[in-house]
Amino acid sequence: MTVTAPHPTESPSSPLVVDTRRHLLAVGDLDRDQIVELLDLTDTFVEVGRRAIPKVPALRGRTVVSLFFEDSTRTRLSFDTAAKRLSADTMSFAVSSSSVNKGESVRDTIETIEAMGIDAVIVRHRSSGVPAQIARWTNAVVVNAGDGWHQHPTQALLDAYTARSHLGDLAGRHIAIVGDVKHSRVARSNIEMFSALGARVTLVAPPTLLPPDTGAWDVQVSHRLDPVLPEVDICYLLRMQNERMTEALVPTLREYTADYGLTSERADLLGPDALIMHPGPMNRGVEIASEVADRPNAVITEQVANGVAVRMAVLFMLLGPGRHLAQLPEEAP
Ligand code: CP
């Protein structure tokens, strides 16, 4: 992904090769400078969001499609809001009311939608790799809105933005990612994101909720939460993902909460400036106590709010006229 990306109507050089400069499929598509540039650009769109009319004409004439094959509240609504605030036309696809239910394939679905004229497609799917596959079938820009256990790059961007807005430069900061790492695309994306920004990551989980390849990752691992909490700048909690579990990996949720839940007593072990983060949706009373989720240092709704501005920055970078924001008129007419 670069600001000098070719026009979205240009084809990739080979149908077998995905041009990661045109799409946002994974955090690894971005180097550190590009991440920082996106986070800086997000500041501008946060400011746009505070205006009486929170809209700019940057993507007028462009069409952005949301193609969600898996449930979503935050990501789908915030991409839709982001596209509208950039004055793009939007199309929304809900699999439950589509011809996918009549057996239409993903490829035929994307080719059908593309025939209507689109510039970007936001894809969520329960299977890893589907957004990359779609990028081979369409000339539109593809943004991964979450694929299986693999990646959720805009979640990692909004998390980094939220963390940076409280803590400043994340270099040297210590972040605990706690819970169901094994099934989590958010964990995989955030490990890459926080590491790229110079932070240190400790994964905290029982062995059954960690993937076997953590040795290849630039992380530390702990099976105990209590000793880690006083040392971290951010306690990032993951959702227990029952829908992705095919076997019983914890004895009971009650025992999981007893060992790994951020209870009120555990939250008191955090330093006074430490942040509590969660990508949502939360299981209150499981990975996070309800009272803890509502503490002032829990920035969970702020993460959601920043998601709109981050996604405006991503769409602007991929589809817009470039980084020259001075050219942006104050408001859409
Ligand atoms: N964090 C996140 O991706 O939430 P949704 O599933 O509601 O989009």
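What follows is calculated from the coordinates using simple rules that are stated; it is not laboratory data. Note that this is a predicted model, so its numbers are computed, not measured. Cβ placement follows ideal geometry from the backbone for every residue including glycine, while neighbour counts extend to all protein chains displayed.
Take every DSSP beta bridge whose two residues both sit in the chain, then give the antiparallel share in percent to the nearest 5. Show your work: numbers first, answer last.
Numbers: 1 of 36 bridges.
In the chain, approximately 5 percent of DSSP beta bridges are antiparallel ones.
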Practice problem: Pull up the cross-link candidates among the lysines for Lys84, meaning alpha carbon to alpha carbon under 18 Å and not fewer than 8 places away within one chain. | Solution: Lys55
Practice problem: Kindly give Rg over Rh for the chain, based on alpha-carbon atoms, with the Kirkwood expression for the hydrodynamic radius. | Solution: 0.97
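Would you compute, from DSSP H runs of 4+ residues alone, the mean residue ellipticity of the chain at 222 nm, taking -39500 (n - 2.57) per run and dividing by the full residue count, rounded to the nearest 500? Don't jump to the answer; show the numbers that get you there.
Working: 10 runs with 111 residues, N = 333.
Only helices count here, giving -10000 deg cm²/dmol.
Can you check what the net charge comes to around Gly172, using other residues whose Cβ is under 15 Å from the Cβ of Gly172 (Lys, Arg +1; Asp, Glu -1)?
Details: positive: Arg32, Arg164, Arg173, Arg200; negative: Asp169, Asp218, Glu231, Asp233, Asp273.
Charge balance near Gly172 sits at -1.
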Exercise. Would you mind computing, in nm to one decimal, how far apart the modelled labels at Ala52 and Asp259 are, each placed 7 Å from Cα along Cα→Cβ?
Key: 5.8 nm
Practice problem: Determine which residues of region 52-75 fall in the zone a paramagnetic label at Ser165 would reach in this model, i.e. backbone nitrogen under 20 Å from the point 7 Å along Cα→Cβ. | Solution: 52-56, 73-75
Self-check item: Residues whose placed amide H lies under 5 Å from that of Val232, excluding near-sequence neighbours
Solution: Gly271
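How about region 186-277: which trypsin sites (Lys or Arg not before Pro) there are in a DSSP loop, with at most 11 other Cβ atoms within 10 Å of their Cβ? Working shown, then result.
Numbers: sites: Arg188, Arg200, Arg224, Arg239, Arg244, Arg254, Arg266; in loops: Arg224, Arg239.
Taking region 186-277 and a limit of 11 other Cβ atoms within 10 Å, the loop trypsin sites (Lys or Arg not before Pro) found are Arg224.
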Self-check item: Per-residue Cβ neighbour rank within 10 angstrom, fewest leading, His174, His183
Solution: His174, His183
Quiz item: Modelled label-to-label distance, Thr202 and Asp33, 7 Å Cα→beta-carbon offset: nm?
Solution: 3.4 nm
Quiz item: Helix 74-85 sits at what angle to the longest principal axis of the chain, using alpha carbons and giving 0 to 90 degrees rounded to 10?
Solution: 40 degrees
Quiz item: Can you work out ³J(HN,Hα) from phi for every residue in region 33-48, in order, using Karplus 6.51 cos²θ - 1.76 cosθ + 1.60 and θ = phi - 60°, giving whole Hz and x for Gly and Pro?
Solution: 5, 5, 4, 4, 4, 5, 5, 5, 5, 4, 3, 4, 7, 4, 5, 4
Exercise. Please state the charge dipole magnitude for the chain, taken about the Cα centre, from unit charges on C-beta atoms (+1 on K and R, -1 on D and E), reported in debye and rounded to the nearest 20.
Key: 580 debye
Quiz item: Taking Cα pairs under 8 Å and at least six residues apart, what relative contact order does the chain come out at, in percent?
Solution: 22 percent
Quiz item: In the Gaussian network model of the chain, springs joining C-alpha atoms below 10 Å, which of Gln303, Gln220, Gln151 carries the largest mean-square fluctuation?
Solution: Gln220
Quiz item: When ranked by the protection proxy of mean other Cβ atoms within 10 Å per residue, highest first, what sequence do the peptides 83-89, 62-68 form?
Solution: 62-68, 83-89
Exercise. Rank Thr109, Leu86, Val142 by how far each Cα sits towards the positive end of the charge dipole of the chain (+1 on Lys, Arg Cβ; -1 on Asp, Glu Cβ) and give me just the farthest.
Key: Thr109
Exercise. For region 141-179 and region 48-77, compute the distance between their C-alpha centroids and round to whole Å.
Key: 19 Å
Quiz item: Sequence-distant or interchain residues sharing an amide H contact under 5 Å with Val141, placed H: which?
Solution: Ala120, Val121
Exercise. Search the structure for amide H atoms under 5 Å from the amide H of Asp180, placed 1.01 Å from N in the peptide plane, and list their residues when 5 or more places away or on another chain.
Key: Leu238
Practice problem: First select every other residue whose beta carbon is under 14 angstrom from the beta carbon of Ala88; then total the charges, Lys and Arg +1, Asp and Glu -1. | Solution: +3
Quiz item: Where the centroid of each part is defined by its Cα atoms, how far is region 292-312 from region 184-220 in Å?
Solution: 21 Å
Quiz item: Per-residue HN-Hα couplings for region 203-209, Karplus 6.51 cos²θ - 1.76 cosθ + 1.60 at θ = phi - 60°, whole Hz, x for Gly and Pro?
Solution: 8, 10, 6, x, x, 6, 9
Quiz item: Residue farthest toward the positive end of the dipole of region 114-206, with Cβ of Lys/Arg at +1 and Asp/Glu at -1: which of Ser127, Gln151, Ala187?
Solution: Ala187
Quiz item: Tell me, what HN-Hα J-couplings in whole Hz come from the Karplus equation 6.51 cos²θ - 1.76 cosθ + 1.60 at θ = phi - 60° for each residue of region 183-194, using x for Gly and Pro?
Solution: 9, 9, 6, 5, 4, 4, 5, 6, 4, 5, 5, 5
